[in-house]
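Trainee: One structure, as structure tokens, below. Some questions next.
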């Protein structure tokens with residue numbers, strides 16, 4: 001039942017067109033019925049709020065009173081709002097540094113955890129454990145580890161003669177501190193990489209070995225290309241997650257001090273939260289949400305497009 | 001799958017969803033719901049409200065503390081709590097402006113609430129023009145705490161706290177100890193420890209960031225510039241990095257290692273709860289310290305005894321099912337006996353004058369009495385709140401950080417805040 005012409009949308013391949021036989025319709029109905037709990041939830045709690053927030057983004061809307069249509073005013077105000085740019089910059093900093101760094105570190109850890117050594121299962125558990133610590137608890141723990149005077153990190157640094165920074169109290173170090181915190185919880189990404197590494201065909205590695213390829217050459221020419229779809233997946237989900245970075249910054253800010261010191265931890269979602277729930281500017285916050293959605297959408301499409309060049313699908 | 005089967009399954013699905021939706025929250029008209037934004041001890045608060053049940057037979061269900069982000073959806077939804085206790089007056093005005101909470105004159109009449117029994121400063125946090133949009137339920141005030149042992153060690157009279165802001169600066173100098181490597185070992189006074197006290201300093205300099213009637217924004221008034229300049233000198237003197245490095249080693253706020261308890265900071269601005277049973281008497285009972293009103297500037301002795309109240313505000317959501325029931329519960333909460341019981345327990349200041357006379361407050365000791373007496377001071381104020389309080393406070397917080405931590409010029413920084421917020425303020429006030 002496949003249509004021989006390839007169908008594309010924005011350059012992306014679409015599945016072949018379905019021919020609606022009686023059987024296919026019945027299957028669809030049954031499928032939809034089984035999907036209905038999710039479908040209803042999606043329509044009511046995701047799609048509807050999204051559509052409504054799109055409308056609100058063109059209005060002045062606080063909470064209870066009817067929204068007042070102002071056209072593109074919220075968007076214009078946002079572009080003139082210093083805090084909007086600060087929050088976007090802070091977020092881009094995290095996306096640009098924390099995501100690639102996290103990917104690299106996860107990959108290296110996954111390589112190590114894929115080695116055949118005694119007690120490997122134990123190491124794997126150890127590396128995954130931090131991921132199951134609740135975000136709030138992990139963040140508070142890190143605030144202690146990074147305490148400039150009594151924290152473990154600066155104590156160790158002092159032992160090797162380095163005067164550790166003030167971490168969370170210093171605007172230059174607050175984001176690197178949060179990146180460190182993020183690296184600690186990368187167990188999920190490691191596991192995904194590990195499963196990818198175990199899928200790399202042993203025959204290819206062995207063939208390369210016979211041809212005299214050294215470890216680095218095997219890694220570069222076989223392993224990395226073979227796990228490139230995993231890298232792409234981790235990159236996209238990591239990027240989306242980082243654009244929505246909130247919980248850790250909220251815990252560090254402790255409610256009253258969101259964004260401190262000196263707005264260095266004022267991330268996009270934090271400022272959005274402030275506008276929506278503290279300043280009661282729902283229209284403004286909705287406009288922020290839509291700008292974020294568009295940024296993420298464009299970057300994701302771009303990554304998918306560019307990924308054709310560096311992603312290898314063995315199937 | 002047959003059409004019949006499909007139909008049966010669909011009906012079952014819809015029916016089960018409807019049943020789930022209806023069963024989620026049984027509507028019990030005899031239960032009043034109270035949401036409280038603070039509350040370290042939910043069980044104690046529930047037990048307090050159980051007394052209302054004992055008196056009236058009406059069950060009260062307390063949720064404390066309630067998360068900030070649950071409040072707004074509840075107020076805009078169809079099933080808000082019957083009483084909402086906010087941690088500050090700031091939100092009450094913005095909620096009222098949005099039509100989310102009731103103006104309370106009718107409830108005050110229904111509940112026969114004695115408004116003359118309330119201290120004016122905390123009540124002023126609830127006044128919006130001639131309207132009352134919340135009622136204060138317990139409040140806080142800040143004063144100067146000094147460590148008598150450290151005073152003695154520095155050659156100062158341990159029984160004499162500084163009597164002017166200028167003297168405080170001198171004392172702080174004497175009380176600061178610098179180590180051989182230039183790092184700080186003990187600091188006399190950190191103006192924004194444990195959080196901002198600009199409200200207290202600016203009142204001592206004779207102003208605030210709003211005009212007294214709350215109708216104008218005065219973020220760059222001379223009093224504000226003076227208050228921030230006065231604070232900045234401590235950072236300039238000790239060095240920002242030095243002071244931050246020192247402060248970063250402070251122990252937890254509620255622990256025996258808190259910097260004032262541990263003798264790292266000789267003077268601090270703190271609230272009345274510190275002298276209550278959960279703080280100094282429990283965490284550092286041997287601490288030899290005194291408490292007095294924060295001193296005024298030397299050229300304005302008439303400003304002695306200045307305090308700035310900031311406290312809890314009770315509101316009734318617009319969408320409550322039974323306004324009368326809410327009003328009666330509100331009146332019960334405002335009664336002197338209940339105010340005394342709740343705020344003696346927490347060692348916070350009562351908002352009812354009659355409650356302030358209760359023995360339980362006297363039992364909290366002489367130091368607590370310093371705060372109770374200050375409530376009646378002619379220089380007792382409250383933080384002025386407006387519908388844009390939250391946004392304004394965040395902006396002022398950022399300005400304060402820039403001035404203290406980066407050495408930014410107070411006047412220029414505050415001018416920028418004024419320029420940015422004046423239009424927003426006027427719009428919010430409908431001017």
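Throughout, read-outs are computed from the coordinates displayed, never taken from laboratory work. A quick note: this is a predicted structure, and the numbers were derived from the prediction, not measured. Quick reminder, even Gly has a Cβ in these numbers, built from the backbone with ideal geometry, and neighbours come from all protein chains shown.
Trainee: Could you work out how far the C-alpha centroid of the stretch B:176-198 sits from that of the stretch B:113-149, in angstrom?
Mentor: Their Cα centres are 31 Å away from one another.
Trainee: Suppose each label sits 7 Å from its Cα in the direction of the beta carbon; what would the residue B:254-residue A:105 distance come out to in nanometres?
Mentor: 3.2
Trainee: If each residue of separation counts as 0.36 nm, what is the full-extension length gain between residue B:160 and residue B:51 once their alpha-carbon separation is subtracted?
Mentor: Full extension from residue B:160 to residue B:51 adds 34.7 nm.
Trainee: If you don't mind, there's one more thing I want to ask. Report Rg/Rh for the stretch A:76-310, rounded to two decimals, where Rg is the Cα radius of gyration and Rh the Kirkwood radius.
Mentor: Checking Rg against Rh, the ratio lands at 1.03.
Trainee: Between residue B:422 and residue A:307, what is the label-point separation in nm under the 7 Å Cα-to-beta-carbon projection?
Mentor: Label-label distance for residue A:307 and residue B:422, simple model: 5.2 nm.
Trainee: Provide the packing ranking of B:256-266, B:203-213, B:133-143, A:146-156, i.e. peptides ordered by the mean count of other C-beta atoms within 10 Å per residue, highest first.
Mentor: B:133-143, B:256-266, B:203-213, A:146-156
Trainee: Determine the relative contact order of chain B: mean sequence separation of Cα pairs under 8 Å and six or more apart, normalised by residue count, in whole percent.
Mentor: Normalised by residue count, the contact order of chain B is 24 percent.
Trainee: Each label point is 7 Å from the Cα along the Cα-to-Cβ direction; what then is the distance between the points at residue A:207 and residue A:246, in nm?
Mentor: Result: 4.8 nm between the two label points.
Trainee: Computed over the Cα atoms of the stretch B:369-419, what is the convex hull's projected area averaged over all directions, in nm²?
Mentor: Mean orientational projected area (the stretch B:369-419, Cα hull): 5.4 nm².
Trainee: Also, quick follow-up: How long are the three semi-axes of the equivalent ellipsoid for chain B, computed from the Cα gyration tensor as the root of 5 times each eigenvalue, in whole Å, largest first?
Mentor: Output for chain B: semi-axes of 43, 25, 23 Å.
Trainee: Another question about this same structure. In whole Å, what are the extents of the stretch B:229-286 along the principal axes defined by its C-alpha atoms, from largest to smallest?
Mentor: Reported extents, whole Å, longest axis first: 36, 22, 15.
Trainee: Kindly state, to the nearest 0.05, the FRET efficiency for residue A:85 paired with residue A:29, given R0 = 35 Å and r defined as their beta-carbon distance.
Mentor: Efficiency computed from Cβ-Cβ geometry: 0.10.
Trainee: Okay, moving on. Compare the peptides A:117-129, B:304-316 by average per-residue count of other Cβ atoms within 10 angstrom and give them in order, highest first.
Mentor: Per-residue Cβ counts within 10 Å, averaged per peptide and sorted highest first, yield B:304-316, A:117-129.
Trainee: Could I ask something else about it? Determine the calculated [θ] at 222 nm for the protein assembly as shown from helices alone, applying -39500 (n - 2.57) to every DSSP H run no shorter than 4 residues and normalising by the residue count; nearest 500 deg cm²/dmol.
Mentor: -16000 deg cm²/dmol
Trainee: I'd like the mean, over residues of A:273-283, of how many other protein chain beta carbons sit within 10 Å of each residue's own Cβ.
Mentor: Whole-number average of other-chain Cβ neighbours for A:273-283 is 5.
Trainee: Gaussian network model of chain B, Cα springs within a sub-10 Å range: biggest mean-square fluctuation belongs to which of B:41, B:379, B:393?
Mentor: Of the options given, B:41 has the highest mean-square fluctuation.
Trainee: Evaluate peptide B:380-390: per residue, the Cβ atoms of other protein chains within 10 Å of its Cβ; return the mean as an integer.
Mentor: Taking all residues of B:380-390 together, the mean is 1.
Trainee: Where the centroid of each part is defined by its Cα atoms, how far is the stretch A:23-51 from the stretch A:228-262 in Å?
Mentor: 30
Trainee: Kindly express, to the nearest 10 degrees and within the range 0 to 90, the angle between helix B:410-429's C-alpha long axis and the longest C-alpha principal axis of chain B.
Mentor: 20
Trainee: Let me ask something else about it. Tell me, what is the percent relative contact order of chain A, built from C-alpha pairs under 8 Å that lie six or more residues apart?
Mentor: Computed over chain A, the figure is 26 percent.
Trainee: Could you identify which residue out of A:243, A:45, A:233 has the top mean-square fluctuation in a GNM of chain A using Cα springs shorter than 10 Å?
Mentor: For chain A, modelled as a Gaussian network with Cα springs under 10 Å, the answer is A:45.
Trainee: Sticking with this structure for a sec: Within a 10 angstrom radius of each residue's Cβ in A:27-35, how many Cβ atoms of other chains show up on average? Whole number is fine.
Mentor: Mean shielding count: 2.
Trainee: Would you work out the relative contact order for the stretch B:326-431, in percent, from Cα pairs under 8 angstrom that are 6 or more residues apart?
Mentor: 15
Trainee: Sticking with this one: In the Gaussian network model of chain B, springs joining C-alpha atoms below 10 Å, which of B:61, B:286, B:400 carries the largest mean-square fluctuation?
Mentor: So, out of B:61, B:286, B:400, the one fluctuating most is B:286.
Trainee: While we're looking at this one, here's another question. Just order A:12-21, B:244-253, B:343-352 by mean Cβ neighbour count inside 10 Å, highest at the front, would you?
Mentor: Most protected by this proxy first, the peptides run B:343-352, B:244-253, A:12-21.
Trainee: Let me ask something additional. Length gain on complete extension for the stretch residue A:55 to residue A:92, per 0.36 nm per residue less the alpha carbon to alpha carbon distance?
Mentor: 10.7 nm is the gain from fully extending residue A:55 to residue A:92.
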